[in-house]
Amino acid sequence: MFRMWLTVLWCFAAGIALAQPTTQGAEPGAGAGQVHPDGKLRLEGETLIYNTETPGPDEMTGIVSDDIDRLLELLRGPDPITTLQLNSAGGEVYAASQISDIVIDFELDTHVHGDCDSSCVTIFLAGARRSMSRGSRIGFHQIFWSAENIATYYDREAPGQGWQTPWDFAAWMYLDTQEEIYAHLTYIVSRGVDPGFAIETLRTPQADMWRPYRAELLAAGVLTE
């Protein structure tokens, strides 16, 4: 429900910050715009690189559900994988949530090389050990839903949901939003992040991006090393 329209929100957020291409050991800004032959997911040693900003010819930019099967295929393959390296401006909430579950199940470490913004942080926090290369960034922002998309969602869902008026919808949205915020904060805290910091991740407007310093991320438990 709320997650359905939140997917739209995070897709908008994916365009806010320009994430840089990622190659282990290279500068985060090197090779901007390069399209890698293996697409967004490629294996280097025991590190699986997930760079959603350099899609292959048949791929969409950002975190999308189509990435999940390819991720599982690589993780279930013969090559040992210990780390998921991230560079992403965000994407679909559903896809990020599913990928985070996979990262937890495979007990992977996560590493940011470039930028990890918006729903990318959900995946990053799933890592058993979490690190970030020098010069890289992690970005948070609060939830936003545009009036246009609210109206579209209401018109589409009202018959099935039984909303007789926009006020019925508003009452539902108020409760559902609280449930979603609770789930969001619970997940962050469950990954070992300081509760006070978790609350702060909802402070910055969607049009901006809160990028804490490395020391703040370490102190809060977002980075573990």
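The values are calculated or read from the model by the stated rules, or taken from the named source; none is laboratory data. Please read all numbers here as calculations on a predicted model, not as lab measurements. Heads up, the Cβs are rebuilt from the backbone with ideal geometry, glycines too, and the neighbour counts pull from every protein chain shown. These accessible areas exclude ligands, DNA and RNA; they are computed on the full protein's heavy atoms, side chains included. Shrake-Rupley method; radii C 1.70, N 1.55, O 1.52, S 1.80 Å.
List pairs: first residue in region 201-225 and closer than 16 Å to residue 141 by Cβ, second residue among the polar types (S, T, N, Q) and assigned to a loop (DSSP other than H, G, I, E, B) anywhere in the structure, Cβ distance under 7 angstrom, at least six positions apart or on different chains.
As it stands, the answer is 202/142; 203/142; 204/142; 205/142; 206/142; 210/204, since those pairs meet every condition given.
Looking only at region 190-218, which residues are in a helix (DSSP H, G or I) and open to solvent by 60 Å² or more (accessible area, probe 1.4 Å)?
Matches in region 190-218: 190, 195, 199, 200, 215, 216, 218.
Out of the residues in region 170-179 meeting the condition of being in contact with a helix residue (DSSP H, G or I) (Cβ under 8 Å, 6 or more places away or on another chain) and either of a type in the set (D, E, K, R) or open to solvent by 80 Å² or more (accessible area, probe 1.4 Å) (or both), tell me which one is nearest to residue 111 (Cα to Cα).
By that ranking, first place goes to 179.
Kindly indicate whether any position in region 124-141 is assigned to a helix (DSSP H, G or I) and within 22 Å of residue 87 (Cβ to Cβ).
Scanning region 124-141, I find at least one residue that is assigned to a helix (DSSP H, G or I) and within 22 Å of residue 87 (Cβ to Cβ), so the answer is yes.
What is the residue count in region 155-169 for residues that are part of a helix (DSSP H, G or I) and either under 30 Å from residue 220 (Cβ atoms) or open to solvent by 40 Å² or more (accessible area, probe 1.4 Å) (or both)?
8
Taking residue 37 as the residue in question, decide whether it is farther than 29 Å from residue 149 by Cα, in a loop (DSSP other than H, G, I, E, B), at pLDDT 95 or above and open to solvent by 30 Å² or more (accessible area, probe 1.4 Å).
no
Show the residue pairs that are 6+ apart or on different chains and have beta-carbon atoms under 7 Å apart, the first residue being within region 124-136 and under 9 Å from residue 113 (Cβ atoms), the second being open to solvent by less than 10 Å² (accessible area, probe 1.4 Å) and in a loop (DSSP other than H, G, I, E, B).
Final answer for the pair search is 132/223.
Would a scan of region 48-55 turn up a residue that is at negative phi, open to solvent by less than 10 Å² (accessible area, probe 1.4 Å) and at pLDDT below 95? Reasoning before the result, please.
First pass over region 48-55, keeping only residues at negative phi: 48-55.
Subset that is open to solvent by less than 10 Å² (accessible area, probe 1.4 Å): 48-52, 54.
Next cut, at pLDDT below 95 only: 54.
Yes, because at least one residue in region 48-55 is at negative phi, open to solvent by less than 10 Å² (accessible area, probe 1.4 Å) and at pLDDT below 95.
Does residue 182 meet the test of being touching a residue at least 40 places away in the same chain (Cβ under 8 Å), under 19 Å from residue 93 (Cβ atoms) and either among the acidic types (Asp, Glu) or surrounded by fewer than 17 Cβ atoms within 10 Å (Cβ to Cβ) (or both)?
It is false that residue 182 is touching a residue at least 40 places away in the same chain (Cβ under 8 Å), under 19 Å from residue 93 (Cβ atoms) and either among the acidic types (Asp, Glu) or surrounded by fewer than 17 Cβ atoms within 10 Å (Cβ to Cβ) (or both).
Restricting to region 106-147, give me the number of residues that are out of contact with any helix residue (DSSP H, G or I) (no Cβ under 9 Å at 6 or more places or on another chain), farther than 21 Å from residue 219 by Cβ and open to solvent by 10 Å² or more (accessible area, probe 1.4 Å).
Looking only at that region, the number is 3.
Yes/no matrix, rows are residues, columns are (1) under 30 Å from residue 82 (Cα atoms); (2) among the aromatic types (Phe, Trp, Tyr):
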residue: 122; (1), (2): yes, no
residue: 143; (1), (2): no, no
residue: 153; (1), (2): no, yes
residue: 157; (1), (2): no, no
residue: 163; (1), (2): no, yes
residue: 169; (1), (2): no, yes
residue: 174; (1), (2): no, yes
residue: 197; (1), (2): yes, yes
residue: 213; (1), (2): yes, yes
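Take the residues in region 56-96 that are of a type in the set (Ser, Thr, Tyr) and open to solvent by 40 Å² or more (accessible area, probe 1.4 Å), then tell me which one is nearest to residue 209 (Cα to Cα).
Once the filter is applied, the top-ranked residue is 61.
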